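To start, the structure under review is shown below, and the notes come after it.
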Amino acid sequence: MKTTKRVCSLLFVIAILLTVAVLPASAEPTSDGRLIVDNADLFNDAQEAELKTLAQENGKKQDCDIIVYTTKSLDGYSAQSYADYCHINNYNDNSVLLLICVAGGEGERDFHISTHGDCIKKLKDSELEDIKNAILPYLQGGDYYTAAKTYINQSVEYMAPHLKWYMLPIAILIGFAIAMLIMNGIRKKLKTVQMQSGAANYVRQDSMNITQSRDTYLYSTVARTRRAKESSGSSTHSTGGDSFGGSGGKF
Amino acid sequence: MALQEYKCPCCGGAISFDSTLQKMKCPYCDTEFDVEALRGYDEDLKDEGSDDLEWNTDAGSQWSTNEEGSLRTYVCKSCGGEIICDENTAATECPYCNNPVVMMNQLKGNLKPDYVIPFKLDKKAAVEGLSKHLTGKFLLPKVFKDQNHLDEVKGVYVPFWLFDADADADIRYRATRTRMWSDSDYNYTETSYFSIYRAGGIGFDHVPVDGSTHMADDLMESVEPFNFDGAVDFQTAYLAGYLADKYDVDAEQSINRANDRVKASTEDAFRNTVQGYATVTPEATNIRLHNGKTKYALYPVWILNTTYKDEKYTFAMNGQTGKFVGNLPTDWGKFWRFGALITAIVSALIYGGMWLWQLL
């Protein structure tokens, strides 16, 4: 009786494992290379066309695919995996994808931005946070069109080479400091009158003699500081053997 | 008061020391005399001078008491003109006949210098020194160079006190050495502390201290060093043709400055024997000076004065080595123009670099 139970539970576990391992792989989302995949039907036709043009134009500039993918269900995947799988084999190597899943109630619905290829580096973690914060209010308000549009515009903005506004004043400040160092260095040549600091010129030849010389080791101290982690980069993870970046949340 | 002119034994003209020949030379008949040869002649003249020249006492009432104390009046032996000068003046020129004169009484007894370094460089060299000093100075106002009116060029024997001293020092230092390494999570800094002890001695010869209040101390220290190998035993003949002051700051007052300099150099010299540490801080310094000897010497300095925008600029040249010093004014317009240009270029490069860094 006991052995039967054990065999049964073993089979059950194997069955579960098989399901988990095989089922998602068989149900990988596909998109046929379309930039706006509105499976959840969140946009009307006019909006979809407009977003498509926007994504196409901007994507061309950055040599990448900018994708919006909506779905009603994650089919048992995590939002991150689902978004990552959307990329594989369907798009340009360099792509960024916004996944909106409208399954569940308020606060349970997922959205995720996934980056692949060059886009991983181009969209840093902090910038992804900015985009997420920008679109979250629209998602919460049900204005998916504006959310998608904001996402496209901001991704493009961040992907294009850009510098924070305060970089220019910093550059000017450093430039000014260096200029002052140089100019004061030149100005120093005009000042040749100063007191002597010592009498080194008048030391009697070979008169220096050291009679006692001791170097005594006393003690040592070790101080350690935590190494600064790379804060301005992009974190990556692996899905289906490929490398992705990105970040998501609930709304 | 004695006033001494060196008369040419040949023609009777007033003769002076020629820095190029390093001899006395008569400007009238071009006869040259060895300084050594004049030594005996010099001795005779010294004794002779004191009897026939007197204070011009009747002029005293015209001077305030302050001035009376600090001014001396002499009568020129050549032309009879009245020479008014400072109480410390030891050699000058007669303003009427330009003959060089030496006030003998200023250089007698305790006031007699032990050594003199004769002028090696003449007035021409001093004027050339100034124009060289003004070239290659980017921020010097162009007008200063162009309108370079020399108000005055004078060769002055400046009184210096020379101090010899042996310094014994024992100095204790606290020194550290650091070693740094890191693992994946932490950076480590190991600081090792050492106690260093050095004891020994060092000697200094002829450390000069300006003995005249007429000469700015910083200006005089700036034309240093003087090479004492060029010094000879003092003879008044060397002063002919130049200005000379006697000291008005005595050796006692000057010794502190010499002590400071000797101490600073002793500390430096000992500090240089402590090598191989990241930081070295002296914790206890004990420097004792002994065998202190003081000598009185006259050192040759060319003084040049110019005026620019109502401000006086004084330059000094070492009459032995030719070292030329003197602060110069700054062209502030040029300073800020070029400062702005460099700021623009450097900022543009940095900002461009930031962009480039973004793109890569």
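Computed from the coordinates by the stated procedures, all read-outs in this text should not be read as laboratory data. Note that the coordinates shown come from a computational prediction; the quantities given were computed from them, not determined experimentally. Please note: Cβ atoms are built from the backbone with ideal geometry, for glycine as well, and neighbour counts cover all protein chains shown.
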Quiz item: With θ set to phi - 60° and the Karplus curve 6.51 cos²θ - 1.76 cosθ + 1.60, what are the ³J(HN,Hα) couplings of the range B:275-288 in order, to the nearest whole Hz, using x for Gly and Pro?
Solution: 10, x, 10, 6, 9, 9, 10, x, 9, 9, 10, 10, 10, 10
Quiz item: Using the membrane-span-like helix rule (whole DSSP H runs, Cα extent along the own axis of at least 24 Å, mean Kyte-Doolittle hydropathy at least 0.0), which helices of chain B qualify?
Solution: B:332-359
Practice problem: Report the residue, chosen from B:G12, B:G333, B:G80, that carries the largest GNM mean-square fluctuation when chain B is represented by alpha-carbon nodes joined by springs under 10 Å. | Solution: B:G333
Practice problem: Take the Cα coordinates of the range B:123-329, assign each an equal point scatterer, and use the Debye formula without solvent to give log10 I(q)/I(0) at q = 0.14, 0.19 Å⁻¹. | Solution: -0.91, -1.24
Self-check item: the range A:34-54 residues near the modelled A:A103 label - backbone nitrogen below 17 Å, point 7 Å along Cα→Cβ
Solution: A:38-42
Quiz prompt | Pairwise FRET efficiency - B:E311 versus B:F138, Cβ, R0 = 30 Å, nearest 0.05 | solution = 0.90
Self-check item: Simple spin-label estimate for A:A177 and B:W332 in nanometres, 7 Å along Cα-Cβ
Solution: 2.5 nm
Quiz item: What whole-number value in cubic angstrom gives the convex hull volume per residue for the C-alpha atoms of the range B:214-335?
Solution: 219 Å³
Self-check item: Amide H contacts of A:N39 (H built 1.01 Å from N, under 5 Å, at least 5 apart or other chain)
Solution: A:T70
Practice problem: Return the average number of partner chain Cβ atoms within 10 angstrom of each residue Cβ along peptide A:174-186. | Solution: 6
Exercise. Name the long-range amide H neighbours of B:V75: under 5 Å, sequence gap of 5 or more, or other chain; modelled H, no Pro or chain starts.
Key: B:I83
Quiz item: Once amide H atoms are built 1.01 Å from N in the peptide plane, which residues 5 or more positions from B:C8, or in another chain, come under 5 Å H to H?
Solution: B:G13, B:A14, B:I15
Quiz item: What list of ³J(HN,Hα) values in whole Hz, one per residue of the range A:68-78 in order, does the Karplus curve 6.51 cos²θ - 1.76 cosθ + 1.60 (θ = phi - 60°) give from phi, with Gly and Pro shown as x?
Solution: 10, 10, 10, 8, 8, 8, 8, 6, x, 7, 7
Quiz item: What is the order of A:S243, B:S212, fewest Cβ neighbours within 10 Å to most?
Solution: A:S243, B:S212
Quiz item: In peptide B:201-212, how many Cβ atoms from other protein chains are near each Cβ within 10 Å, on average?
Solution: 4
Quiz prompt | Local electrostatic count at B:E224 - Lys and Arg +1, Asp and Glu -1, tallied over other residues with Cβ under 12 Å | solution = -2
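When Cβ neighbours within 10 Å are restricted to other protein chains, what is their mean count per residue of peptide B:179-190? Mind showing how you got there, number by number?
Working: counts 2, 1, 1, 3, 2, 1, 4, 5, 6, 4, 5, 5.
Mean inter-chain Cβ contacts per residue within 10 Å come to 3.
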Quiz item: Roughly what would the spin-label model give for A:I88 and B:C79, points 7 Å off Cα along C-beta, in nm?
Solution: 11.2 nm
Exercise. Principal axes first, then extents: for the Cα atoms of chain B, list largest minus smallest coordinate on each axis, whole Å, largest first.
Key: 96, 53, 45
Self-check item: Distance in nm between pseudo-label sites at A:D130 and B:Q22 (7 Å out along the Cβ direction from Cα)
Solution: 7.8 nm
